[in-house]
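A.B. asks: Below are the structure tokens for one structure; questions will follow.
The values are calculated or read from the model by the stated rules, or taken from the named source; none is laboratory data. All values reported here derive from a predicted model rather than from experimental measurement. Note: ideal-geometry Cβ built from the backbone for every residue, glycine included; neighbour counts use all protein chains shown. Side chains included, ligands, DNA and RNA excluded: accessible areas come from the protein's heavy atoms. Shrake-Rupley method; radii C 1.70, N 1.55, O 1.52, S 1.80 Å.
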Amino acid sequence: MTWLKEVLGTEKAVIAMCHLMALPGDPYFDKEKGMDYVVEMARKDLHALQDGGVDAVMFSNEFSLPYLTNVKTETVAAMGRVIGELKSEIKVPFGVNVLWDAKKSLDLAAATGALFIREIFTGVYASDFGLWNTNVGETVRHQQRIGAEHVKLLFNIVPEAAKYVAERDIESVARSTVFNNRPDALCVSGLTAGSRTDSQILKRVKDSVPDTVVLANTGVRRDNLVEQLTIADGAVVGTAFKIDGKFENHVDQARVKEFMDDVNTFRKPKVAV
């Protein structure tokens, strides 16, 4: 049994993304509608996800595009307000992701009671956001300093829109990341949010670190969830739950329920005949 059962209530868990609208300071923040609108849209999506039957949710500043790797204080404060206002309505385990800043994600988790974060903790990348460096040693020490040692760390080792500066095969990345850093999970992604995770890469990672939780991080849909969940220990799902399956749209509860019905069928014990 993995920690997914203990923390999220099930193996083969589905963590649903609750994407927040652009926030104060972001290029696309709607100043006329303000933060009240951001909170209400998050509330709408949260309830659609929960009522659709997901196992957990992860709040992310997804529409803060283009993302920063050293996130501003106003972003974390705004996310804290959203989660704080919704806290009494959150009925499933939840995590947070402050794109793309591991320490700020931990700060938000400590302040809101989140149980996990997903981030880029290790490696140096050439990315759409410039040269992307990390300092995992400082990050985990920060985690201890702020009393967030209980927060599970989901390491994204195939970052969206980025590539390792040094050529390394994915098996080596997975094994060295696990040996050096003891991650709670490894996340394997496609090129962008909503892009299918390559099943062959996913399998190569899982085969390399069989005792570590491995999550399919992008592009899991109804038509590939059996394939992906047969390999992975769980999935992070966002775009597939949106109206018309489009990244920028709000959550469609009917799509969530259909997806989770398929997941629950997959998770049922197989009866020998």
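A.B. asks: Would you mind getting the Kirkwood hydrodynamic radius of segment 1-116 from its Cα pairs, rounded to one decimal in Å?
C.D. replies: 14.4
A.B. asks: Once you have the Cα-Cα distance between ALA166 and ILE146, take 0.36 nm times their residue separation minus that, and quote the gain in nm to one decimal.
C.D. replies: Working: separation 20, 0.36 × 20 = 7.20 nm, distance 3.26 nm.
Gain on extension, ALA166 to ILE146, equals 3.9 nm.
A.B. asks: Which percent of the accessible area of the chain is formed by carbon and sulfur heavy atoms (probe 1.4 angstrom)?
C.D. replies: Result for the chain: 52 percent of the exposed heavy-atom area is carbon or sulfur.
A.B. asks: For the chain, set up a Gaussian network in which alpha carbons nearer than 10 Å are linked by springs, and say which option among ASN97, ASN224, ASN156 fluctuates the most.
C.D. replies: Maximum among the listed residues: ASN224.
A.B. asks: To check my understanding: the extent here is largest minus smallest coordinate of the Cα atoms along each principal axis. What are those three numbers for segment 88-240, in Å, largest first?
C.D. replies: 40, 38, 31
A.B. asks: Whose amide H sits under 5 Å from the amide H of LYS152, counting only residues 5 or more places off or on another chain, with H placed in the peptide plane?
C.D. replies: Under 5 Å from the amide H of LYS152 lie the amide H atoms of PHE116, ILE117, each far enough along the sequence or on another chain.
A.B. asks: Please list, short to long, the whole-number percent of alpha-carbon pairs of segment 189-235 in consecutive 10 angstrom bins beginning at zero.
C.D. replies: Per 10 Å bin, starting at zero, the Cα-Cα P(r) for segment 189-235 comes out as 31, 58, 10 percent.
A.B. asks: Right, something else. What share of the DSSP beta bridges in the chain is antiparallel, in percent to the nearest 5?
C.D. replies: 20
A.B. asks: Which one, ILE15, ILE117, ILE170, has the greatest fluctuation when you compute a Gaussian network model over the chain with C-alpha springs under 10 angstrom?
C.D. replies: Among ILE15, ILE117, ILE170, the largest mean-square fluctuation in the Gaussian network model of the chain belongs to ILE170.
A.B. asks: What ratio of Cα Rg to 2.2 N^0.38 Å holds for the chain? Write out the running numbers ahead of the final one.
C.D. replies: Values: Rg = 17.6 Å, N = 273, 2.2 N^0.38 = 18.5 Å.
Against the empirical 2.2 N^0.38 Å value, I get 0.95 for the chain.
A.B. asks: Same structure again: Before anything else, pin down the relative contact order of segment 1-157: Cα pairs under 8 Å, at least 6 apart, normalised by residue count, whole percent.
C.D. replies: Details: 268 pairs, mean separation 31.1, N = 157.
Value for segment 1-157: 20 percent.
A.B. asks: For the peptides 88-95, 52-59, 124-131, what is the packing order when you average, over each peptide's residues, the other Cβ atoms within 10 Å and list the highest mean first?
C.D. replies: 52-59, 88-95, 124-131
A.B. asks: If you don't mind, there's one more thing I want to ask. Between segment 1-25 and segment 60-95, what is the C-alpha centre distance in whole Å?
C.D. replies: For segment 1-25 versus segment 60-95, the Cα centre distance is 13 Å.
A.B. asks: Let me ask something else. Over segment 63-112, what per residue volume does the convex hull of the Cα atoms give, in whole Å³?
C.D. replies: Enclosed volume per residue, from the Cα hull, is 77 Å³.
A.B. asks: So what are the ³J(HN,Hα) numbers for segment 91-105, from phi and the Karplus equation (6.51, -1.76, 1.60; θ = phi - 60°), rounded to whole Hz, Gly and Pro as x?
C.D. replies: 10, 10, x, 9, x, 9, 8, 8, 6, 10, 9, 5, 5, 5, 5
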